[in-house]
Amino acid sequence: MPLNTNKSPSVTEALDTRITCRDFLDTPVPDDVLMRILNMAMRSPSGGNLQPWKLHVMTGDTLAEFKKRAAERTLGGKLEEPTYRAYPSPLWEPQRSWRYKLGEDMYSLIGIPKDNKMGRLVWLAQNAKFFEAPVGIIVTGHKNLEMPQYMDIGILLQSIMLLAREEGLHTASQGWWRNWTSVCHEMLDIPEEEEVMVGMSIGYGNPDAPVNDLYADRAGLDDVAKFYD
Ligand SMILES: Cc1cc2nc3c(=O)[nH]c(=O)nc-3n(C[C@H](O)[C@H](O)[C@H](O)COP(=O)(O)O)c2cc1C
């Protein structure tokens, strides 16, 4: 499905047109637009109103240097210890198949076959460049947070993603950054007691990039909901 680059005036439309954008134009996001999104996202709810997030928002030279260091490290092949693993291991069905299908759908759109391991690694490293977005955010939280606060951080991400659509922008949530925290701690003011939770790219999506045609499948409501009356 072609990328929808219009502004989405309703929540329904914002949700419907939001995708994980994996190729951004280099068009800068005006400061007032970015601040409007982030200020309004502060209205996100959190259990006990803990607001357990800290946002490190990068643009300009800082972002360029950050991306450079992260991409070098990624392609250098030296892995870092993640703050949290991305998925349970082993993953069970049907989640295992859903995850597999997402990968296959994405790589077939961008034309990198399964046996091209290096091609897939190089593509994966686009994560380290925030997919070329002009705004990169690292979200940190206290090391002692409990599971409900992770949910709160997810709600904050969703707020940013929907507000971005209202401005004609796209986003990519990036658990990726939990695997590459050295550059975060080097370049950002992250206190000792905090750790990297997630990242997010924000910018104008490239409507000509095949990867942005990916409109990922979803389970049907019947697969995940039971109704009781
Ligand atoms: C918290 C979170 C972290 C994610 N991390 C990554 C990531 O590091 N890299 C990536 O390419 N996609 C990442 N995604 C995108 C998911 O793969 C995507 O949301 C899912 O496949 C559904 O597709 P859609 O967002 O395009 O609807 C993340 C999504 C969420 C919600």
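Structural remarks
- Among the candidates THR74, THR62, THR27, residue that is closer than 22 Å to ILE137 by Cα, away from the ligand (no atom under 16 Å from the Cβ) and part of a helix (DSSP H, G or I): THR62
Table: residues versus (1) over 22 Å from GLU72 (Cβ atoms); (2) basic (Lys, Arg).
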{"residue": "ALA164", "(1), (2)": "yes, no"}
{"residue": "GLY175", "(1), (2)": "no, no"}
{"residue": "SER182", "(1), (2)": "no, no"}
{"residue": "ILE190", "(1), (2)": "no, no"}
{"residue": "VAL211", "(1), (2)": "yes, no"}
{"residue": "ARG218", "(1), (2)": "yes, yes"}
{"residue": "ASP222", "(1), (2)": "yes, no"}
{"residue": "TYR228", "(1), (2)": "yes, no"}
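- Residue in the stretch 3-22 that is away from the ligand (no atom under 16 Å from the Cβ) and acidic (Asp, Glu) present: no
- Within the stretch 206-226, tally of residues that are within 26 Å of ASP152 (Cα to Cα) and either among the aromatic types (Phe, Trp, Tyr) or in contact (Cβ under 8 Å) with a residue 60 or more places away in the chain (or both): 5
- Listing of helices (runs of 4 or more DSSP H) fully contained in the stretch 84-180 that carry 3 or more residues being within 11 Å of the ligand (Cβ to nearest atom) and exposed (fewer than 14 other Cβ atoms within 10 Å of the Cβ): 95-110
- Residue selected from the stretch 38-77 under the condition at pLDDT 95 or above and among the charged types (D, E, K, R), by the criterion farthest from GLU146 (Cα to Cα): ASP61
The values are calculated or read from the model by the stated rules, or taken from the named source; none is laboratory data. Predicted model, so just to flag it, every value in this text is computed and none were measured. So basically every Cβ, Gly included, is an ideal-geometry build from the backbone, and we count neighbours across all protein chains shown.
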